[in-house]
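There's a structure below that I have some questions on.
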Number of protein chains: 2
Amino acid sequence: MLTKSSTELVRQRNSVLVLSVLRRHGALAHTEISDFTGLSSATISAITADLEKAQIIEKSEHQAASGRGRPRVLLRQRRDCGYLIVVIISSDAVQYSLVDYAGKLIDRFNEERSHDPSGAARFVAAVRAGLLRILDRSKISQEKVLLISISSKGLVNSTEPVLLWSPIFGSDQIDFESVLRPDWQAKVILDNETLLVAAALGAREEIAKGADFRSLAALSLGHSIGLGIVRRGGQTGQEVSAPNFGHMLHMANGGLCRCGTRGCIEAYAGFYAILRSAFEVPLDTIPAKFVPVAELDKIAAKARQGHRVSAFAFRQAGLALGNGLSRMLSLTERMPIAITGPGTRYYDLLRQGVEEGLGQSHVVRMEGMPEIRVVADEQILVFDGHLNRALSVIDQDIVLSGVQSAE
Amino acid sequence: MLTKSSTELVRQRNSVLVLSVLRRHGALAHTEISDFTGLSSATISAITADLEKAQIIEKSEHQAASGRGRPRVLLRQRRDCGYLIVVIISSDAVQYSLVDYAGKLIDRFNEERSHDPSGAARFVAAVRAGLLRILDRSKISQEKVLLISISSKGLVNSTEPVLLWSPIFGSDQIDFESVLRPDWQAKVILDNETLLVAAALGAREEIAKGADFRSLAALSLGHSIGLGIVRRGGQTGQEVSAPNFGHMLHMANGGLCRCGTRGCIEAYAGFYAILRSAFEVPLDTIPAKFVPVAELDKIAAKARQGHRVSAFAFRQAGLALGNGLSRMLSLTERMPIAITGPGTRYYDLLRQGVEEGLGQSHVVRMEGMPEIRVVADEQILVFDGHLNRALSVIDQDIVLSGVQSAE
DNA sequence: ATTTTTTTCTCGACAGTCGAGAAATTTAGT
DNA sequence: ACTAAATTTCTCGACTGTCGAGAAAAAAAT
């Protein structure tokens, strides 16, 4: 359904646009903002005056004048305009980070996760405590925290911050909105981890290639398998999604997966699956919950020395990934694939299988092999993705609520 | 990348909005347009005055006054504002339809397709001739034809009107833009046939359910297998895509498909595949190009009488479809599935396989079976989809080009 | 001290939407 | 026949927004 436009909406959109270029390029002068946005100088004056009055941006101290002419006045976000807490949930720990409005890291700590089966209730309590702790360690008032951005592996509701399925809690759903609402008035968002990786890579790509960038998929290899897809959307910047790739059907009636279904991709390509296959354990054995990476390193070493069964295990994993990717490409357009996660260290062993699996499909035969690149530093990408998304959400909210009321 | 807004853009969007409600609801009075769009009465006056001056809409003769008060003046599109030619390419014929700006069918004829292997070049010549013929039969001047909307089965470039792969011509690509540019100045668009079905169903659904509508997939069963997905997008109405579903990998190293690859879904669920399977022909036999539907009806009859091998062929087809749909659902959100096409007459035989194939995956086990409905009248849906998309493209173009220049 | 250069700010013009109320035109009531 | 009520359409002034041109500011070069 189309929806009506108004002049006020124009100002809102342009204000968000100004904030977004400020975010992308750091502190900028009046004229630079005008160049980047395409808006006229007069409009920039009006918008920045409003934003300054609303205490969202500030004029920075005049820098060393470089060149003649009237010196530039740089505009930048006010760091204390608001704060963001990033919560990264991984299989063995939860990381809490406090970030200011300019994207600068203020405080961070990790908390080990207890592996007892007490489950979701206890975990939720730990997260509540962790959040209050990071707030307490800073001297920031709670109202100044505008957003709590959470990420986890698993399946996430696309509109509400509800964890639908995760490798750790299974189908024990967690609704972070209702969990955190008693303590916090901040907005809460939840994203799949690999989606954030894709978003971060997409943002980098867009800076590098500009308008040439179309789309990109990030595949995260580890205990579980994640996929994020990002494509450039019409008006609203990038569009991003995190399909349930790890549990897409690879082969009907295939190996048993942690999720209880048979034949998921993860049941062939997850760490536990490679282990199971290398030890020639029957495929319907209930898989181990956690696999020490050292164990997998050993198998990889044997495979590299020519041990047939170990090499075969990685090849099977690659095939499952390749088939799955080909199916994904059948349903989307051709796009480059970035491979991340701890599993990248075995990519030499996986590659052949991946390429063979891809090559078995019509799309790949027709359009050719997609570009595949291995990207390390998944941790950094996840955090980058958080900042990317969270801060632009804050920009949006701030313009919607803040500017009009502050007059 | 975000992009700047301006007041002129506001007017453009609102003009398109007015035209779109006029299209959805037929001739409307001033006040009704105001109600539907949410725009104020004054704005409607301004916009409709512009559109009338630009000869895009007109005041209709005052109808029988119903109720007291000043009688309404209905506004409607001017039929002669522009024309649209719809070209529907199917495996055995090409249908040409001439439609006026209000969506009313003016002329239509079918042309049989020669099945000789002379291929794309000859086909293209036939289409050029067909288009000139339908123009000639009417007394409309060529400049008045604003858009030529073409549909075919197969894979289509998402931005340009290029047929990348089709069941008939294989990888002999056809670029309709360059083919028709010499004869026509009209814009040319090309869509996958099942995408149009999905678009038409989506439009109906949106009218029925309003804001509750989220997304929907249309699966077309026939000689080949098509899939269209429609979901409600942010500003720009509906977002629609036609994945290469028929040639998504069903089973590695599986049956040989018409496309030359092994293991496509179509190689199990296309009409020729069901025939092949029912006659227990080896799966690597090069499949027949065209299968008379009567032949398949016979097999279906045998299957319904309990003939094992025939029933098994349909079941296998259903399994391939079900597995494929489950994979699609793993990559998207849960959505209802509408089944169309000539294959719906066998759905009683396919159903069990489809449901079993769906049930083998994690998503379906977790979220439950998606709603599946059988929808007849694929022909009508295709044409509806054409009108839907084509006329809204015309609205857009007309506002962009027509209104500002006419003053 | 003056000119040049560069940046920022300001003013008037123009486009768009909105609310209020005037104008138009019919039905209902007396 | 006349008036009141109802309903729709149109118009006017207020408000918000963007833009271009040029004034004002401020430093370097001459």
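Test each condition in (1) surrounded by fewer than 24 Cβ atoms within 10 Å (Cβ to Cβ); (2) more than 14 Å from every other protein chain (Cβ to nearest Cβ); (3) closer than 25 Å to residue B:193 by Cβ for residue B:223 and report the one that comes out false.
Of the numbered conditions (1) surrounded by fewer than 24 Cβ atoms within 10 Å (Cβ to Cβ); (2) more than 14 Å from every other protein chain (Cβ to nearest Cβ); (3) closer than 25 Å to residue B:193 by Cβ, the odd one out for residue B:223 is (1).
In the range A:231-261, how many are without any contact (Cβ under 8 Å) to a residue 40 or more places away in the chain, assigned to a strand (DSSP E or B) and open to solvent by 40 Å² or more (accessible area, probe 1.4 Å)?
Counting residues in the range A:231-261 that are without any contact (Cβ under 8 Å) to a residue 40 or more places away in the chain, assigned to a strand (DSSP E or B) and open to solvent by 40 Å² or more (accessible area, probe 1.4 Å) gives 3.
State which residue pairs qualify: first residue within 14 Å of another protein chain (Cβ to nearest Cβ) and open to solvent by 50 Å² or more (accessible area, probe 1.4 Å) and inside the range A:25-50, second residue within 13 Å of DNA strand D (Cβ to nearest atom) and part of a helix (DSSP H, G or I) in any location, beta carbons under 6 Å apart, and separation of 6 or more residues or different chains.
Taking only residues 6 or more apart or on different chains, the pairs are A:41/A:34.
What do you reckon, is residue B:99 without any contact (Cβ under 8 Å) to a residue 12 or more places away in the chain and either open to solvent by less than 70 Å² (accessible area, probe 1.4 Å) or in contact with a helix residue (DSSP H, G or I) (Cβ under 7 Å, 6 or more places away or on another chain) (or both)?
Criteria not met by residue B:99.
How about the range A:49-67: which of its residues are more than 11 Å from DNA strand D (Cβ to nearest atom) and either out of contact with any strand residue (DSSP E or B) (no Cβ under 9 Å at 6 or more places or on another chain) or closer than 25 Å to residue A:390 by Cα (or both)?
Of everything in the range A:49-67, those that are more than 11 Å from DNA strand D (Cβ to nearest atom) and either out of contact with any strand residue (DSSP E or B) (no Cβ under 9 Å at 6 or more places or on another chain) or closer than 25 Å to residue A:390 by Cα (or both) turn out to be A:51, A:52, A:53, A:54, A:55, A:56, A:57, A:58, A:59, A:60.
Sticking with this structure for a sec: Residue A:106 fails exactly one of the following numbered conditions: (1) away from DNA strand D (no atom under 16 Å from the Cβ); (2) open to solvent by less than 20 Å² (accessible area, probe 1.4 Å); (3) modelled with pLDDT of 95 or more. What is the number of that condition?
The single condition residue A:106 does not satisfy is (2).
Quick one: would you say residue B:339 is among the hydrophobic types (A, V, I, L, M, F, W, C), assigned to a helix (DSSP H, G or I) and buried (at least 18 other Cβ atoms within 10 Å of the Cβ)?
Against the criterion (among the hydrophobic types (A, V, I, L, M, F, W, C), assigned to a helix (DSSP H, G or I) and buried (at least 18 other Cβ atoms within 10 Å of the Cβ)), residue B:339 does not qualify.
Quick check, is residue B:364 open to solvent by 30 Å² or more (accessible area, probe 1.4 Å) and of a type in the set (A, V, I, L, M)?
no
Strands (runs of 3 or more DSSP E) wholly in the range B:103-202 with at least 2 residues that are within 14 Å of chain A (Cβ to nearest Cβ) - which ones? Can you show your working first?
Numbers: elements: B:105-112, B:145-152, B:162-165, B:187-192.
Result: B:162-165.
For the range B:1-24: of the residues being within 7 Å of DNA strand D (Cβ to nearest atom) and out of contact with any Ser or Thr (no Cβ under 8 Å at 6 or more places or on another chain), which is most open to solvent (accessible area, probe 1.4 Å)?
Looking at the filtered set, the residue picked out is B:6.
Taking residue B:319 as the residue in question, decide whether it is assigned to a helix (DSSP H, G or I) and within 14 Å of another protein chain (Cβ to nearest Cβ).
Working: assigned to a helix (DSSP H, G or I): yes; within 14 Å of another protein chain (Cβ to nearest Cβ): yes.
So residue B:319 passes the test.
Okay, next question. Check the range B:72-83 and report whether any residue there is out of contact with any Ser or Thr (no Cβ under 8 Å at 6 or more places or on another chain) and more than 23 Å from residue B:390 (Cβ to Cβ).
No, that holds for no residue.
I've got another one for you. Of these, B:57, B:88, which one is more than 8 Å from DNA strand C (Cβ to nearest atom), closer than 30 Å to residue B:128 by Cα and open to solvent by less than 20 Å² (accessible area, probe 1.4 Å)? I'd like the intermediate steps shown before the answer.
Numbers: B:57 fails: closer than 30 Å to residue B:128 by Cα.
Being more than 8 Å from DNA strand C (Cβ to nearest atom), closer than 30 Å to residue B:128 by Cα and open to solvent by less than 20 Å² (accessible area, probe 1.4 Å) holds for just one of B:57, B:88, which is B:88.
Here's something else I'd like to know. Determine whether the range A:262-284 contains at least one residue that is at the interface with chain B (Cβ under 9 Å from one of its Cβ atoms) and open to solvent by 10 Å² or more (accessible area, probe 1.4 Å).
Within the range A:262-284 (the criterion being at the interface with chain B (Cβ under 9 Å from one of its Cβ atoms) and open to solvent by 10 Å² or more (accessible area, probe 1.4 Å)), the answer is yes, since at least one residue qualifies.
Continuing with the same structure: Being part of a helix (DSSP H, G or I) and either among the polar types (S, T, N, Q) or modelled with pLDDT of 95 or more (or both) is the filter here, so list the residues in the range A:360-377 that pass it. Please lay out each step first, then the result.
The first filter runs over the range A:360-377 and keeps only residues part of a helix (DSSP H, G or I), leaving A:362-367.
Listed by number, the list is empty, since nothing qualifies.
Quick one: count up the residues across the range A:68-82 that are open to solvent by 30 Å² or more (accessible area, probe 1.4 Å) and more than 16 Å from DNA strand D (Cβ to nearest atom).
Result for the range A:68-82: 4.
While we're looking at this one, here's another question. Restricting to the range A:33-48, what's the tally of residues that are among the hydrophobic types (A, V, I, L, M, F, W, C) and away from DNA strand D (no atom under 12 Å from the Cβ)?
Result for the range A:33-48: 1.
Inspect the range A:387-396 for any residue being within 14 Å of another protein chain (Cβ to nearest Cβ), among the charged types (D, E, K, R) and within 16 Å of DNA strand D (Cβ to nearest atom) and give the result as yes or no.
yes
Being in a loop (DSSP other than H, G, I, E, B) and either touching a Cys at 6+ places or on another chain (Cβ under 7 Å) or more than 30 Å from residue A:336 (Cβ to Cβ) (or both) is true for just one of A:309, A:291, A:281. Which residue is that?
A:281
Moving on. Sort out which residues of the range A:7-24 are hydroxyl-bearing (Ser, Thr, Tyr) and facing chain B (nearest Cβ under 7 Å), and write them in order of number.
Scanning the range A:7-24 gives A:7, A:20.
Sticking with this structure for a sec: Could you tell me whether residue A:94 is in the same structural domain as residue A:176 (by TED's automatic domain parsing), modelled with pLDDT of 90 or more, outside any loop (DSSP other than H, G, I, E, B) and more than 9 Å from DNA strand D (Cβ to nearest atom)?
Values: in the same structural domain as residue A:176 (by TED's automatic domain parsing): yes; modelled with pLDDT of 90 or more: yes; outside any loop (DSSP other than H, G, I, E, B): yes; more than 9 Å from DNA strand D (Cβ to nearest atom): yes.
Here the answer is yes, as residue A:94 does meet what is asked.
The values are calculated or read from the model by the stated rules, or taken from the named source; none is laboratory data. Fair warning: this is a prediction, and the values are worked out from it, not measured in the lab. Cβ atoms come from the backbone with ideal geometry, glycine included; neighbour counts cover every protein chain shown. Surface accessibility is based on the protein's heavy atoms, side chains included, excluding ligands, DNA and RNA. Shrake-Rupley method; radii C 1.70, N 1.55, O 1.52, S 1.80 Å.
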